[in-house]
Each structure stands twice: as structure tokens, then as C-alpha cells.
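Only one structure is covered here, and it is reproduced in the block below.
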Amino acid sequence: MRIVALEEHFNVPSLVRRIDPDAIARYGFPPGFGGPLADKLSDLGALRLAEMDEAGVTVHVLSASGPGAYLLDGADGVAFARDINDVLAKAVSAHPDRFAGFAHLPMQSPQAAADELDRAVRELGFCGALINGLTEGRFLDDPRFAPILARAEALDVPIYLHPGLPPRSVYEAYYDGLPGATGFRLSTAAWGWHSETAIHILRLVLSGTLDRYPKLKLIIGHMGEGLAAMMVRSDKILNPEAPHLKRSVKDTILDHVSVTTSGMFTQPPLEALLAVFGADRVMFSIDYPYSSNRLGRDFIDSLKLPPAELEKFAHGNADRLLKLTSGQTKK
């Protein structure tokens, strides 16, 4: 079976070393973050392909893991994003049947980020962009990011909204003072990342941003970041307070957002996801190397979906949304 996974990460250590370690620490990355996975994160060839082959995963759609250009301003951020996208483009060119790419953007310079997205799609053949959380404490509904959203809509490519570390004030209010590393873990993969990304989507709805960009395509991971469970309640509570919107909260989300399973491999949330978002908007992902290809493949093999739905889940929806050919690169 063809399997496309689209939240799969890499980084380039030589580029990360350009970022001031103090800036990395201020952002919230703990010392040694990602260290145990360094070899897998930095590999865009034999090691990654061997693990994909062992698990029968056909395509990784690759995106840069943090720390990244969003920690750099001005020309430094633009150069970092351009350089990491060029590294990714070389990997995709070397293995066009196995890799595709999401652009990394210099988010502190929105006009330059829009231009880099344009270059990455038109010249490098990328499938869209992945954005990590907030930029300088601001969500994408902030007017400063309008050039990025407008360009993604014009290019007809999705933006993958990935979690980022919470602002320091949020961390101190919600997650500080807990034993050992539990506060950091609660602020990230255990809970905080997912609630933040759900809030990101809801802000884009409630601000009217998605009404201004009616053809903008968004992707979120981790079984929908809790939105499936909260969709009806959020819709019921928020619609009476939002007469400025052209569509209901639920309809707006379902018009714009597709979801992946990245890093989560149990059936109950997938069942909720399919029931709420529908079989045409749910896609498989692994979250490599933070999760393993084998774990993801075992999850697919455990599913009892109708064959047509399984095909959509494993690759069909991703092929359509990202404009991938059957087993090859972007059209």
C-alpha cells in the first residue's frame, strides 16, 4: 500500500548553530533538546530511507524542526529560511519518489516570508509551508501576517500549523512549578501544544481571518489537536457571540482545515476525527523521528476501515491536497 506521511521532521545542525544559544534558551528549548534524535533529524538519505523501507512508508513530506528562522529577525532570518529550504530541495531532488517538502519561513519578516513561500513552491516544487506556533507572541490572525496568508491562498497550497513552545508568560502561569521535567512536557507534547494549536485555529475563525481568505487551506496534526471533541460545544457557545462571521464556527473549520494523526496511534480519537471531519479530511502522519515509522505502520495495519476510506487515509487525501502524483513528486 502507498503510504504518505506529512508531518515528518529534519534539521540542519550547521544552520541551527547560527542561532544565538541565548535566543534558543529564551524561547524555551531546554539544554540538549533533540539531542538523542540528532542523527535521525539530520539525515535526509540512507538512514531515513532505510527506516521508511522497513516499515513500508512510501513518502515523507519533510519540514524543518526547531529551533528555526522564527528566532531570527531581518536578513538573518531570511537567509536561514532560504538556506534550509535549499538543503531540503536537494534532498527532494535526490529522492523525488520518496520525499516532498514544506517550506520553512522567516516569520519575523512577513513580506519576505511570503516571497520565500512563493520561491519554495514555484522554484523548488514544495507543497506548502509549515509554521511553528506563535511568532513573537502573535497568532496568524495578527494583520502583520496577511502577506503570508494571501500568498498561500494565491498559490493554492496549504499551511501546516504546527505547535510551538508557549510564550514565557504562558508557561509561568500554566506550567511552572511542577516536579522535574513534567511542566515542560505538560506545556508541549502532553497537552499545551495541542490546546495552543486548537486556539490558533479558533482565533483564525473568530477574528474573521478565514472569511477574508476563503480559499486558504490549513492542516493541523495530532488527531486534530482536540478540536474534534470540542467542535459542537465551541460552535454552540461561540456562534451567538460572532454575528460578524459569514459562516458558523464549525462550518468555517470544516471548510478550511484538514487533519493528520501525527504522533498519535490509538483508534478512539481517529474514530472521533472521522466522524467530525469526514473521511476526505483525515490523513496519516507519523511525526518522525519523534515517533517511529514502524509504530505508524502498525497503526495503519490495525485499522478496520472500508478499503476506500483506508486508501484516502493512507495517501489519497494527501496526494490530492498536496498535489502529489501517485508515488512520485509534486505535479
Check: What's the lysine pair count for the chain at a Cα cut-off below 23 Å, pairs eight or more apart or interchain?
Finding: 24
Item checked: Accessible-area composition of the chain, carbon plus sulfur, in percent [1.4 Å probe] -> 56
Notebook entry, point to check: Quick one: if the Förster radius is 25 Å, what FRET efficiency do Met230 and Asp118 give, using the C-beta to C-beta distance and rounding to 0.05?
Noted result: 0.10
Check: For the residue pair Ser302 and Leu238, what label-to-label distance in nm results when each label sits 7 Å from Cα along the Cα-to-beta-carbon direction?
Finding: 3.1
Item checked: Surface accessible to a 1.4 Å probe, per residue, for the residues of the chain, Å² -> 42
Check: Taking K and R as +1 and D and E as -1, what net charge do the other residues with C-beta under 12 Å from the C-beta of Gly28 add up to?
Finding: 0
Check: Considering the zone a paramagnetic label at Leu49 would reach in this model (a point 7 Å from Cα along the Cα-to-Cβ line), which residues of the stretch 286-312 have amide N under 18 Å from it?
Finding: 293
Margin query: Full-extension gain between Ala79 and Ala154, please, as 0.36 nm times their residue separation minus the C-alpha to C-alpha distance.
Written below: 24.6 nm
Margin query: Solvent-accessible area of Lys312, probe 1.4 Å, all protein chains present, reported in Å² to the nearest ten, please.
Written below: 70
Item checked: Mean separation of Cα contacts under 8 Å, 6 or more apart, over the residue count of the stretch 169-281: relative contact order % -> 27
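The values are calculated or read from the model by the stated rules, or taken from the named source; none is laboratory data. Everything numeric in this text was worked out from a predicted model, so none of it was measured. Counting neighbours? That spans all protein chains shown, and the Cβs are built from the backbone with ideal geometry, glycine included. Each accessible area value is taken on the protein alone, full model and side chains, heavy atoms only, with ligands, DNA and RNA left out. Shrake-Rupley method; radii C 1.70, N 1.55, O 1.52, S 1.80 Å.
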